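Data first, discussion second: the structure below is written as structure tokens.
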Amino acid sequence: MARRAMALLSRWSSRVFSVELNGAPFYFSIQEQHRGGGFWVFAEVPDRHRCYSLLVCSGDRIKRVKFHAELREKLLRALPPDCDVSPMSSFLPNVKDSVIKGYFLTDRSESPHSSERLLRDLLRQDPVLVCSYSRGEDGQVWTQHPWSPADSQATKMSKMYYVMHAEAPEYHPSTLSIINSDVFYSFEEARKVLEKCSDIIPEASSIMDLLPSRVEAGSKPDFPVIVIEGLDATGKTTLTESLRDALGAPLLRSPPQCLSPMRARFDQEPSLIRRAFYALGNYITAEEVGREGGKAPVIVDRFWHSTAAYAIATAVSGPVCNLPAEGSEVYRWPSDLLQPSLVVLLTLDPEERKRRLRDRGQTKTEEEQELDHNRLFRLKVEEAYRRISGPACVTVDASPSADQVFRQVQLLIRGKCHL
Ligand SMILES: Nc1ncnc2c1ncn2[C@@H]1O[C@H](COP(=O)(O)OP(=O)(O)OP(=O)(O)O)[C@@H](O)[C@H]1O
Ligand SMILES: Nc1ccn([C@H]2C[C@H](O)[C@@H](COP(=O)(O)O)O2)c(=O)n1
């Protein structure tokens, strides 16, 4: 751990730090020399309060994401109640995969002893970089003090940096790490993640046995493959079942049936592992499509558009404008994944969608509940759906009756797939 921490510290002063306070990111950089200007985020911190940051620095990415998820629970459990924990990250501007994640602490308790004891213990046992922040005598200038990772006594290092306000980067920092962490663009990249965690997640080994032995890039079935996408309760099941009956087409799903017993387990895992699970689900479904598509047209309920759109919308916090711009490489179709002939995106007014959800009254995944509560998240998922290319989706308004929606999609299929 100390080696990885030292490597990070070697470019420390080139890093930008982002702290999410009340859902909004505040950026700061650090300098070895003070060149004027204070830092206004910290200006809000009253005199007696102390600030700390913890950044997870394991060199092993499975351990890193697992520990990052555990760390929040650990902090909330062990810190004094008057200590706030906010998400934070640090990155090298425009450098892919340079993002490290962690938490920012604001401690309002009378004495620093209890929080600093916890931080020292973490530093000794866990892959974290700890910094404390102090206010200068003038009350304006703040300094950052990285704690020595090599020293088991965990005293502060003699090096200190001046904290400076930084402008928001042109692209949201999470876009630096979406590729092959949140969204996978090849079978092999997703497979590697599950393989690496099979010692800690027994279900991952079972999935390895279900994976296709080889993935054929560019292979196309003889018959058309029609994918139906959309947020939950937009009418995918209703429509896909009607299409199955009308076209005499097999109806497949992603994730496929064989992954259903493992799905709840992976839904609890950090993004890297969870998204690898869904990515691999698409390849298993693609293999089934390949088999069925030699005999008849195939209908698929959710596919890669869903995997990528939900992952991108979750990775990028804040408003829709934080999403990677249209045309960005994050929206490109994986080159080794079967390309459907037509992807239909069902869209629905949020109130009508809520009404249908209520009427249906089924339990929902956490991500689906999030869709209900969080308008921004819903808008980001829909926008990400629209930006995915190769194939792009064709949007269909799903608010008319089920029969009208069915006929509308049937027309599209006739036009595009000549069925
Ligand atoms: N066009 C429609 N008009 C009115 N109600 C509809 C329409 N299509 C579907 N419904 C109803 O809305 C509810 C949600 O539909 P459905 O289960 O097909 O959505 P879904 O997209 O498959 O959801 P999920 O992704 O959560 O499985 C169901 O109760 C269904 O009967
Ligand atoms: N191909 C897929 C299918 C689903 N997901 C994820 C995205 C949501 O979290 C959830 C929605 O699925 P549903 O409950 O409607 O079956 O599953 C995905 O990432 N990729």
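Taking Leu346 as the residue in question, decide whether it is open to solvent by 10 Å² or more (accessible area, probe 1.4 Å), assigned by TED's automatic domain parsing to the domain that holds Ala204, of a type outside the set (Gly, Ala, Ser) and within 16 Å of ligand 1 (Cβ to nearest atom).
no
Restricting the search to segment 375-411, which residues are closer than 21 Å to Gln339 by Cβ and either exposed (fewer than 15 other Cβ atoms within 10 Å of the Cβ) or among the basic types (Lys, Arg) (or both)? Walk me through how you get there before you give the answer.
So the first thing to find is which residues in segment 375-411 are closer than 21 Å to Gln339 by Cβ, and the list is 384-396, 409.
Passing the criteria: Arg386, Arg387, Ser389, Gly390, Val394.
Where the second residue is in a loop (DSSP other than H, G, I, E, B) and more than 13 Å from ligand 2 (Cβ to nearest atom) and the first is in the same structural domain as Leu210 (by TED's automatic domain parsing) and lies in segment 252-275, which pairs have Cβ atoms under 6 Å and are six or more apart or on separate chains?
Leu272/Ser181; Ile273/Cys197
Can you spot a residue in segment 249-258 that is surrounded by fewer than 21 Cβ atoms within 10 Å (Cβ to Cβ), closer than 22 Å to Gly415 by Cα, of a type outside the set (Asp, Glu) and touching a helix residue (DSSP H, G or I) at 6+ places or on another chain (Cβ under 9 Å)?
yes
Examine segment 89-108 for a residue that is without any contact (Cβ under 8 Å) to a residue 12 or more places away in the chain and either surrounded by fewer than 17 Cβ atoms within 10 Å (Cβ to Cβ) or among the hydroxyl-bearing types (Ser, Thr, Tyr) (or both), and state whether such a residue exists.
Scanning segment 89-108, I find no residue that is without any contact (Cβ under 8 Å) to a residue 12 or more places away in the chain and either surrounded by fewer than 17 Cβ atoms within 10 Å (Cβ to Cβ) or among the hydroxyl-bearing types (Ser, Thr, Tyr) (or both), so the answer is no.
What do you reckon, is Asp222 among the acidic types (Asp, Glu), touching a residue at least 40 places away in the same chain (Cβ under 8 Å) and away from ligand 1 (no atom under 16 Å from the Cβ)?
yes
When segment 309-329 is examined, which residues are found to be in contact with a Phe, Trp or Tyr (Cβ under 9 Å, 6 or more places away or on another chain) and either acidic (Asp, Glu) or more than 16 Å from ligand 1 (Cβ to nearest atom) (or both)?
Result: Ala311, Ile312, Thr314, Asn322, Pro324, Ala325, Ser328, Glu329.
Let me spell it out: the conditions are (1) assigned by TED's automatic domain parsing to the domain that holds Ala315; (2) away from ligand 1 (no atom under 16 Å from the Cβ); (3) open to solvent by 10 Å² or more (accessible area, probe 1.4 Å), and Glu167 meets all of them except one. Which number is the exception?
(1)
The values are calculated or read from the model by the stated rules, or taken from the named source; none is laboratory data. Quick caveat, the model's predicted, so the values are computed rather than measured. Cβ sites come from the backbone with ideal geometry, for glycine too, and all protein chains shown count toward neighbours. Protein only, heavy atoms only, side chains kept; ligands, DNA and RNA dropped before computing areas. Shrake-Rupley method; radii C 1.70, N 1.55, O 1.52, S 1.80 Å.
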